[in-house]
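Below you'll find the structure, written out as structure tokens, and then a few comments.
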Amino acid sequence: MTLNKTTIIIYNYKTRNNIYNKDVNNLITVMHSVCMACVQKMPRKNKPMSNAERHRRFREKLLASPTKHDTYLEREKKRWHDRRAAKKLKGIDDIGEREQRRKRRQLLAHL
């Protein structure tokens with residue numbers, strides 16, 4: 001079975017223009033080409049969100065729900081204890097005197 005080459009033309013009645021005109025020989029290619037031509041001509045409603053905006057919205061939702069916020073705090077507390085037990089975080093008692101003074105000065109400067 002052979003397919004003959006055909007030409008398809010899609011006419012946009014709103015703008016009265018041809019939005020797609022091409023020689024094709026495969027039905028799947030036709031369908032894909034038509035879909036892609038239509039999607040590319042569609043106007044976008046909104047600009048895509050940046051990662052910072054997406055994260056900001058996530059944090060707002062998290063803080064708005066007291067139960068979700070409480071579970072978040074519990075998870076972070078457990079994570080801190082686990083990291084401390086694995087010696088990934090150093091406490092004030094694990095460092096020398098000079099480093100202790102420096103850390104305490106930094107802490108007081110931020111208050």
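Numbers for the structure displayed
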read-out: Gain on full stretching of the segment that runs from residue 101 to residue 81 - 0.36 nm per residue minus C-alpha separation; value: 4.8 nm
read-out: Around residue 62: net Lys/Arg minus Asp/Glu count, Cβ-Cβ under 12 Å; value: +3
read-out: Segment 66-110: Lys pairs at Cα distance under 24 angstrom, eight or more positions apart or on different chains; value: 13
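Throughout, read-outs are computed from the coordinates displayed, never taken from laboratory work. Bear in mind that the values here come from a model prediction, so they are computed numbers and not experimental data. All Cβ positions, glycine included, derive from the backbone under ideal geometry; neighbour counts span all protein chains shown.
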